[in-house]
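Enquirer: Please read through the structure below; I'll follow up with questions.
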Amino acid sequence: MMLDEELRQNGPPDSFDNTIIQKECGCPRELYWFLRGIDYRISPPYFAWGRAWGIGLNAFYECDESLEIRMLTGLKAATALWEAESPEGRVNDTLENLQRVFKQYVSCYSHENWTQGKEYGELGFAFPIPGTSIYYAGAIDAYIEWPGYGALLREDKTTGGYLTPNFQSYWMRASQVTGYLWALAQILGEVPFGALINMVSKRKSKNMEDQFARNMPMKSEWQLTEFMRDTVKVADRIRMRWSRKQDNWQWPKLGERIYLKCSGGAGTSPCLYNGLCAAEVDPWVLDETYDYEDEYTVRSEKWAPWERKGDT
Ligand code: SF4
């Protein structure tokens, strides 16, 4: 893991993804701990469920055999990831539920009007932001072609709650989706038609409409340009902390001013760094005595999940 001193010496990030920008906007102190590489001791099982779901869907859509074989291919890929990560699943986050929902999904969406080629699976990217020296990075779940509409990105979203109108409408304005549409525009050389948000609830239900939902946010070129302008402003705010003035090394605990951000509640997990933030010393003082590995896993490499499949 990186000590405070190393984080300072390494200099600011030059690539920014939605995770980094969101943490800075919600609570800079959270971003600080995150950049230090402090992570969950035991990764929550819903992370493995979501990853297995996405990998299973890509295997399903990339296979051009019969529906039965496609389903088995998807199930095999999802199961392999779950078993490799072997999370301690409970309630809905279990392998049994993953397989149940997957089969239900296949019967609900046995026929699609769009296609996903083999080369269009998860797509890591890091594109230079015009007029700056920094990059915008991320990983798109999948890229699809829909005759009559054009190119779209497909984003798979899972929830342990209900597919409420609020949950569904959130994705129409979500920064992650807008950022990915900007990235897809860089790949295509033009603004894509939009995004297909492919939502699933992990709760058991006999009704397909309670289990699955889709919507399709669209963004204009003006909206994508405005989004990236705002992203650069937030990235500048982060990079400023590395300027030579010592006073700039400040990572305020702004999460304390947002309802439920630190403590969690009603569908929100508590912040991972609650215990660290309770210490009555600055983190660089805490480093002298505290053994982070007692409570956390520590990531030694820099945050760059978009490099999983290579930069585009
Ligand atoms: S516990 Fe609260 S203040 Fe501390 S990092 Fe998390 S959100 Fe920020």
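Quick note: the coordinates plus some simple rules give every number you see, no bench work behind them. As the structure is a prediction and not an experimental result, all values here were calculated from the model. In this analysis, Cβ positions are derived from the backbone assuming ideal geometry, glycine residues included, and neighbour counts consider all displayed protein chains.
Enquirer: Pairs of alpha-carbon atoms within less than 8 angstrom and 6+ residues apart define the contacts here; what relative contact order does the chain have, in percent? Mind dumping the intermediate values first?
Expert: Details: 450 pairs, mean separation 78.0, N = 312.
Worked out over the chain, it gives 25 percent.
Enquirer: Right, here's the next one. Please build a GNM for the chain, connecting alpha carbons under 10 Å apart, and tell me which residue among Ala80, Ala235, Ala151 fluctuates the most.
Expert: Between Ala80, Ala235, Ala151, it is Ala80 that shows the largest mean-square fluctuation.
Enquirer: Another question about this same structure. May I ask what percent, to the nearest 5, of DSSP beta bridges between residues of region 16-153 are antiparallel? Numbers along the way, then the final one.
Expert: Working: 11 of 12 bridges.
Roughly 90 percent of the beta bridges in region 16-153 run antiparallel, per DSSP.
Enquirer: Okay, moving on. Show that you can apply the helix-only estimate: for the chain, add -39,500 (n - 2.57) for every DSSP H stretch of four or more residues, divide by all residues, and state [θ] at 222 nm to the nearest 500.
Expert: On the way: 12 runs with 131 residues, N = 312.
Using -39500 (n - 2.57) per qualifying helix, the result is -12500 deg cm²/dmol.
Enquirer: Would you mind telling me which residue in Asp14, Asp230, Asp294 has the biggest mean-square fluctuation in a Gaussian network model of the chain, where springs connect alpha carbons within a distance under 10 angstrom?
Expert: Most flexible of the set in this elastic network: Asp294.
Enquirer: Here is a further query. List the relative contact order of region 1-84 as a percent without decimals, with contacts defined as Cα pairs under 8 Å and 6+ residues apart.
Expert: On the way: 50 pairs, mean separation 21.1, N = 84.
Taking the mean separation of contacting Cα pairs over the length of region 1-84, I get 25 percent.
Enquirer: Give me the angle, in degrees from 0 to 90, between the Cα long axis of helix 95-108 and the longest principal axis of the Cα atoms of the chain, rounded to the nearest 10.
Expert: 50
Enquirer: Restricting the count to DSSP beta bridges whose residues both fall in the chain, what percent are antiparallel, rounded to a multiple of 5?
Expert: On the way: 19 of 29 bridges.
So the antiparallel bridges amount to about 65 percent of the total.
Enquirer: For the chain, what D do you get in µm² per second when you plug the Kirkwood radius from alpha-carbon pairs into Stokes-Einstein at 10 °C and 1.306 mPa s? All intermediate terms of the calculation are to be shown ahead of the outcome.
Expert: On the way: Rh = 21.1 Å.
Stokes-Einstein gives a translational diffusion coefficient of 75 µm²/s.
Enquirer: Exceeding 18 Å between C-alpha atoms, which entries from my cross-link table qualify? They are Lys202/Lys261; Lys157/Lys202; Lys103/Lys206; Lys261/Lys302; Lys23/Lys261; Lys157/Lys261.
Expert: On the way: Lys202/Lys261 24 Å; Lys157/Lys202 11 Å; Lys103/Lys206 13 Å; Lys261/Lys302 25 Å; Lys23/Lys261 11 Å; Lys157/Lys261 21 Å.
Exceeds cut-off: Lys202/Lys261; Lys261/Lys302; Lys157/Lys261.
Enquirer: For the pair Asn274 and Glu190, how long in nm is the line joining their label points, each one 7 Å along Cα→Cβ?
Expert: 5.1
Enquirer: Suppose a student asked you for the relative contact order of region 171-312, using Cα pairs under 8 Å spaced at least 6 residues apart; what percent would you report? Could the numbers behind the result be given before it?
Expert: Numbers: 89 pairs, mean separation 18.5, N = 142.
Relative contact order here is 13 percent.
Enquirer: Regarding region 167-312, what is the average projected area of its C-alpha convex hull, in nm²?
Expert: Answer in nm², one decimal: 13.4.
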